[in-house]
1. Hey, among Gly65, Gly86, Gly128, which residue is among the small types (Gly, Ala, Ser) and surrounded by 21 or more Cβ atoms within 10 Å (Cβ to Cβ)?
2. Looking at Asp107, Asp117 in this structure, which one is surrounded by fewer than 16 Cβ atoms within 10 Å (Cβ to Cβ) and touching a residue at least 40 places away in the same chain (Cβ under 8 Å)?
3. Cβ-Cβ under 7 Å, sequence separation 6+ or interchain: first residue in segment 155-178 and within 20 Å of Glu190 (Cβ to Cβ), partner of a type in the set (Lys, Arg) and outside any strand (DSSP E or B). Which pairs?
4. Can you tell me how many residues in segment 187-209 are within 18 Å of Ser61 (Cβ to Cβ) and of a type in the set (Val, Ile, Thr)?
5. Do we find that Ala102 is hydrophobic (A, V, I, L, M, F, W, C) and in contact with a Phe, Trp or Tyr (Cβ under 8 Å, 6 or more places away or on another chain) in this structure?
6. Does Ala136 count as in a helix (DSSP H, G or I) and either surrounded by 20 or more Cβ atoms within 10 Å (Cβ to Cβ) or touching a helix residue (DSSP H, G or I) at 6+ places or on another chain (Cβ under 8 Å) (or both)?
7. State whether one or more residues within segment 229-236 are charged (D, E, K, R), touching a strand residue (DSSP E or B) at 6+ places or on another chain (Cβ under 8 Å) and loosely packed, with under 15 Cβ neighbours inside 10 Å.
8. Return yes or no: is Val176 assigned to a loop (DSSP other than H, G, I, E, B), aliphatic (A, V, I, L, M), over 30 Å from Val99 (Cβ atoms) and more than 19 Å from the chain's Cα centre (by Cα)?
Amino acid sequence: MNMNVVRNNSSKRMNIINMHAYDKLVAFSDSSTANGNDDIQNNSHNYININHIGCDETGSSDFFGPLCVVACYIDERDFEWLLSIGVRDPKDMDNHELVRIAREIKDRLIYSLLILDNSHYNAMVKAGNNLANIKAKLYNQAVTNVMQKVGMPVKNKLVNQFVSPKTYYNYLKNEVIVVKDLTFVQKGEEKYLAIICSMILSRYAYLQYFTNMSRSLKMKLPHGNSNSVDTTAIEIAKKYGPKMLFKVTKTNMTNYKRIKDLI
């Protein structure tokens with residue numbers, strides 16, 4: 001899988017895949033802290049305090065905008081600090097609070113952000129990849145990046161299961177590097193702060209990208225994939241031409257199938 005890795009000239013790093021030229025995503029940087037104690041300890045917040053890597057994504061169910069995947073490493077020494085600033089399931093946050101927390105954690109935690117813009121997403125779909133296949137490749141790359149940054153073995157590497165482990169690894173059969181000891185969990189955001197932080201950071205990146213896309217198109221783009229989204233897509237096709245939809249939408253979604261005969 002062809003990845004474009006962007007590095008700045010400081011000790012901090014960010015990973016961005018195929019970011020469209022008109023978008024100006026605020027730089028995500030990485031910093032490192034680590035120790036080797038992986039013993040599991042429970043706490044009153046129901047989160048498990050361990051050194052662990054988690055991975056999640058934003059944008060897979062939105063017709064407009066990219067697919068943003070983040071893998072994140074949590075050191076157990078960051079546990080209380082993360083709780084103190086309000087880190088929790090982002091479904092319980094409004095965007096204002098999510099942005100505040102993302103800005104705090106992005107300068108402290110080790111993570112990898114991959115952004116697959118719509119043009120490259122659709123090219124992968126055209127090449128025969130379905131959404132789960134694309135996600136598996138991005139998850140594997142993001143977790144690999146974080147493992148390299150941590151620089152020591154991390155026993156606990158978790159993802160919310162979206163396909164069976166057998167299918168997940170089958171999608172990766174042609175990849176050069178494959179993380180083979182993932183733990184697949186259900187509702188990992190209820191127990192693992194690394195999954196929660198990955199959700200927060202991927203959502204933060206997605207919101208910035210989405211805002212810049214709206215500004216570039218000079219129209220307010222709706223989130224989601226409801227029928228009302230179709231109206232905006234048709235407006236874009238009329239204003240910029242049908243080919244623009246390949247650059248701003250996900251052509252494997254039913255929205256595209258509904259509108260392609262109307263444009």
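1. On the way: Gly86 fails: surrounded by 21 or more Cβ atoms within 10 Å (Cβ to Cβ); Gly128 fails: surrounded by 21 or more Cβ atoms within 10 Å (Cβ to Cβ).
Exactly one residue qualifies, and that residue is Gly65.
2. Numbers: Asp117 fails: surrounded by fewer than 16 Cβ atoms within 10 Å (Cβ to Cβ).
Selected residue: Asp107, the only one of Asp107, Asp117 that is surrounded by fewer than 16 Cβ atoms within 10 Å (Cβ to Cβ) and touching a residue at least 40 places away in the same chain (Cβ under 8 Å).
3. Phe162/Lys135
4. Matching residues across segment 187-209 total 2.
5. Details: hydrophobic (A, V, I, L, M, F, W, C): yes; in contact with a Phe, Trp or Tyr (Cβ under 8 Å, 6 or more places away or on another chain): yes.
In short, yes.
6. On the way: in a helix (DSSP H, G or I): yes; either surrounded by 20 or more Cβ atoms within 10 Å (Cβ to Cβ) or touching a helix residue (DSSP H, G or I) at 6+ places or on another chain (Cβ under 8 Å) (or both): yes.
Answer is yes for this residue.
7. Taking segment 229-236 first, the residues charged (D, E, K, R) are 230, 235.
Next, from what is left, pick out any that are touching a strand residue (DSSP E or B) at 6+ places or on another chain (Cβ under 8 Å): none.
The answer is no, given that none of the residues of segment 229-236 is charged (D, E, K, R), touching a strand residue (DSSP E or B) at 6+ places or on another chain (Cβ under 8 Å) and loosely packed, with under 15 Cβ neighbours inside 10 Å.
8. On the way: assigned to a loop (DSSP other than H, G, I, E, B): yes; aliphatic (A, V, I, L, M): yes; over 30 Å from Val99 (Cβ atoms): yes; more than 19 Å from the chain's Cα centre (by Cα): yes.
Answer is yes for this residue.
Any read-out appearing in this document is the output of simple, stated calculations on the displayed coordinates, not a laboratory observation. No experiment lies behind these values; they were computed from the predicted model shown. Quick reminder, even Gly has a Cβ in these numbers, built from the backbone with ideal geometry, and neighbours come from all protein chains shown.
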